[in-house]
Structure formats: C-alpha cells, structure tokens
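Peer 1: Take a look at the following structure, please.
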Amino acid sequence: MDRPESPGSGPIVVVTACDENYAIGAAAAVRSAIGSVGSERRLRVFVLDGGITDPSKQRLMRSWDAPNVEVAWLLPDLTALGDLEVSGHVTVSTYLRILMAELLPADVQRAIYLDADTIVTHDLNKLWSTDLKDAPCAAVQDYFHPYLNPPETLGHQIFCETVGFNPEPIPNYRELGLQGSAPYFNAGIMLANIDHWRRNRVAARALECLRTNRDHVTYWDQYALNTLFSGQWLPIDPRWNQNTTIFNVGDWKLTHFSQAEFDQIRAAPRIIHFDYKPKPWSLGCAHPFKDLYFHWLDKTDWRGWRPRLTLKDRLIQARDQAQAAYDNWQPQDTYRLWQHVRRKAIAPLVRPLKDLFRRRRSKAA
C-alpha cells in the first residue's frame, strides 16, 4: 500500500499555482497560511509558475519573507497543457495542480494545495495532520455540485439547477462506470497524497482523461481528478473550503447541508475560497469576507493597494453606457433628455443672467 509517512514535526508543504493575473491573490493566500501556523512551525512553499514576471516574483518573495518559510519556484512545461480547454478567467495555469507530484522534490510525500484565491483563517497544522490512510487526497465536497448526480442522490432540487446549470458535474459519469451517488470534491483546497499520485501516474492519467473526454469536460482539471479519485478521496470538514456558493444560495434546503451546518460554514470558515468573480482584488466584489483578504494583503508587499478604475476602464465603461443608451432609445426619451439638459446644463447658466437683468431693470426703474 502506498501510505505516506506521518507528517510529524517536519515542515508543512504548501503548494499554489498562479500566473501574473493571480499574483496579488497568491500574495495574500500564502501570507495568511504563514500567519495561521505561528513563527515556530516551518513551511515549505512551492509555487507552480504559470507565467509570473520577475518583478512580481520579487514582490512575492518579500511578501513571504520569514525565518520559518522556504520558497521555491517550479517551472512546468506549459506546452504539455496547450491543447486543453480554457475560457473566461480559466487559463492554462488552472491545470497546473495536476502536474504537482511530478514537479515537487522527491522527498515531498504530501502537500496542502491552495488556490491563489483563498484566505486561511484556521491553523493549517490541523489540516496537515489529517490521516490520509490510502486516500489520494483529502478535500471538501463541492457546494455547487455535491454529487455526480445530486437530484437522484438527495431527492430534491439543488441551487445549481435553479440558476440553469447541469447538476451533473461529470455528465458522462455512467459511461465512465462511476456511481451517481459518489460525492464530488472541489479541488481548490486539497491535502494531496503526493506519494500516491506519483505511484499511480496521476498526472499522465489525468491529462489522458481530459483529452479522451474533451467533449464532456466541465470544470477543467476538477473533472479529471474527480473521475480518477471517485469513491477513493477522503471528505473533510466543509469549513476547510468555504465556497462562495454558501452566500449565493438563498435557502439551505437547496444544498446538501443541514441548517446547522449551513449556518456554521457561513459564520466560521477555516479557509475562505473566493471561487467566483469578481475577486476581492477586482472592482465590484461584495463578498462578506472581502475585508479579510485586504487584512492579509496589507501584510505583503502590496500593502495599501486597492482596486481602482483606470482611465481605460472609465472609457470602456462610458462606451458601454452610451451603447446601452443608444440600443434602448425610445422616442419619448428625447423630451426627457431635453428636460434633463435644460435643468442640469442650461438653467445654471441662464439663471445668473436673468438675475443680472432683473437687478439692472430694478435700478433703472
């Protein structure tokens, strides 16, 4: 059996992956992980580099500088991932966690993987000390898609159906020989059994899975990991990966949680996962824990930074507003526009002139 050695008193291994766009997220994520364990616990931080500039690397190194922290950069071969699907905010970097067992040093047998859009609020020692037994990873059941077939397993509608999503995260799970009642995990936070991944060629098999099933793939690398690990992974306390869905769903009855679990997850997360846009470092983010992100960012080389509209953003915004006004223009809007211009632009100019003529007329009389 490929069972990793006990974590003991050795360093906690933390892995994250990002490109230039997520560097500011990774800065706060890793800083919060460092802060969660105290100054006596050693950390080995590995960054899967999906395209980070040298200036940003220097800022990240300054952000994580501490006597108990060692940082290393891992450079994957991105051409090996070039044919995989990307869309929206999902780039090639999203797939890097698949490769981590092949890139990490041989002496690393387990690792905590953290997405670059997370904030740690609880002692990582607790997660690190989880007994993996023979499981390939320990993870949290996804809030949006908790099972391969949620309606059949739960017997009721779930939130993702109410917003028009297919409730089956692996649409072809039957053809793959998987059970609809199998839980489905969110791969943004994992305690990974790296020894298991190496022995079982997870990287090669995951990439093969994505390419073979490219017409059915949803949620990118998460599709492959859940296909390979279905029925084998170890579920952990859902507070270790607080998905943003917990704040979007209006009723706990649309989830797989009890009301007590639902309320506890919302109030006391152990790791916050900002897994929906806009992210805290973007304009328009209304996440309840957004301020905690900036608390940790202010302990990095980006201290004091806040998102602001650039001139380019303002021009794009003005263009979009003008286009929307043109597209929705109605004949009656002409009179309303004239009234608005008269009150806001013409009247303030004419009123002083009227007052001047009135005073002169009064004096002449």
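Since every read-out is calculated from the coordinates, none of them should be taken as a lab result. Everything quoted here is computed from the prediction, not taken from an experiment. Ideal geometry is used to build each Cβ from the backbone, glycine not excepted, and the neighbour counts take in all protein chains shown.
Peer 1: Relative contact order of the chain, please, whole-number percent, based on alpha carbon pairs below 8 angstrom and at least 6 residues apart. Intermediate values should be presented prior to the final figure.
Peer 2: Working: 552 pairs, mean separation 70.9, N = 365.
Computed value for the chain: 19 percent relative contact order.
Peer 1: Taking the Cα centre as origin and putting +1 on Lys and Arg beta-carbons and -1 on Asp and Glu beta-carbons, what dipole magnitude results for the chain, to the nearest 20 debye?
Peer 2: On the way: 44 positive and 41 negative charges, 648 e Å.
With only Lys, Arg, Asp and Glu charged at Cβ, the dipole is about 3120 debye.
Peer 1: Mind listing which trypsin sites (Lys or Arg not before Pro) in segment 177-219 are in a DSSP loop and have 14 or fewer other Cβ atoms within 10 Å?
Peer 2: Loop-located and lightly packed - 201, 214.
Peer 1: Let me ask something additional. What fraction of the DSSP beta bridges in the chain is antiparallel, stated in percent and rounded to the nearest 5?
Peer 2: 45
Peer 1: Still on this structure, please answer the following. Sorting 30, 45 on the 10 Å Cβ count, fewest up front, what's the list?
Peer 2: 45, 30
Peer 1: Name the residue farthest towards the positive end of the dipole of the chain from the options 21, 348, 271, assuming +1 on Cβ of Lys and Arg, -1 on Cβ of Asp and Glu, about the Cα centre.
Peer 2: Checked the options; the winner is 348.
Peer 1: Kirkwood Rh, segment 12-308, all Cα pairs: how many Å? Numbers along the way, then the final one.
Peer 2: On the way: mean 1/r = 0.0513 Å⁻¹.
Radius from the Kirkwood sum: 19.5 Å.
Peer 1: Greater than 27 Å separation of Cα atoms is the criterion. Which listed pairs, 126/299; 277/344; 57/133; 277/299; 133/290, meet it?
Peer 2: Check vs 27 Å cut-off fails for 277/344; 57/133; 133/290.
Peer 1: Quick one: 309, 48, fewest Cβ neighbours within 10 Å first, how do they rank?
Peer 2: Ranked by crowding around the Cβ, least crowded first: 309, 48.
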